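One structure is given below, encoded as structure tokens.
Please treat every number below as a calculation from the coordinates, not as lab data. Here the structure is a predicted model, which is why all the values come from computation and not from measurement. Here the Cβ is made from the backbone with ideal geometry for all residues, glycine too, and neighbour counts use every protein chain on show.
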Amino acid sequence: MSAAERLSRAGLVWHPTAGDRFTIRSAELMGQVFTISDMVVEPHEYPSGTVLGFNGTTEWALDSVQQDDALWLPREDQLRDLLGGSFRSLARSTTGRFEVLVEVPGRPEQVFGSDNPADAYAEALLALLAVVTG
């Protein structure tokens, strides 16, 4: 399971904005990455929920998709921002892995590592979400 899916299942809430990347939760489209843009994919708020509208898409017939059917693929900077005040540092270890140091409330500082920085941030955020949602 991807870090994005694990974050979604952990309760991370997505508020779509320009520049956000996502994929659609369907066998046919999973793996295709879309980007929110005022020119191509735009979020529309309705009382029933957010719909991601595909403006002027001519390649295939997809007018819109419910936000619940989309999986947000947060960027490294977004994950770092979500860590907020718990984030301490990002460093590359002697083994080449990226390590994120965070201070989770009520716990000693913790290090979360991965081969790429975004996944290291995601692991740290998953730990923070587990404490918050406890």
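Using a Förster radius of 41 Å, what is the FRET efficiency between ARG97 and GLU45 based on their Cβ-Cβ separation? Nearest 0.05, please. That gives a FRET efficiency of 0.55. Along the axis of the charge dipole computed for the chain (Cβ charges of +1 for Lys and Arg, -1 for Asp and Glu, origin at the Cα centre), the listed residues LEU90, PRO16, GLY31 are led at the positive end by LEU90.
Dipole magnitude for the stretch 76-133: about 160 debye, using +1 per Lys or Arg Cβ and -1 per Asp or Glu Cβ, origin at the Cα centre. Computed per residue of the chain from DSSP H runs no shorter than four, each worth -39500 (n - 2.57), the mean residue ellipticity at 222 nm is -7000 deg cm²/dmol. Less than 5 angstrom separates the built amide H of SER64 from those of PHE54, all sequence-distant by 5 or more or on a different chain. Per residue, the average separation of C-alpha pairs within less than 8 Å and at least 6 apart gives the chain a relative contact order of 21 percent. Close amide H partners of ALA70, meaning residues 5 or more places away or on another chain with modelled amide H under 5 Å apart, are ARG25. Take 95-106, 21-32, 71-82, 119-130 and order them by the average number of nearby Cβ atoms within 10 Å per residue, most first; the result is 119-130, 71-82, 95-106, 21-32. Expressed as a whole percent, the proportion of Cα-Cα pairs in the stretch 76-133 lying more than 19 Å apart is 18%. Each Lys and Arg contributes +1 and each Asp and Glu -1, all at the Cβ; summed about the Cα centre of the chain, the dipole is approximately 520 debye. You can think of it this way: the chain between GLN66 and VAL104 has 10.3 nm of extra reach, that is 0.36 nm per residue less the Cα-Cα gap.
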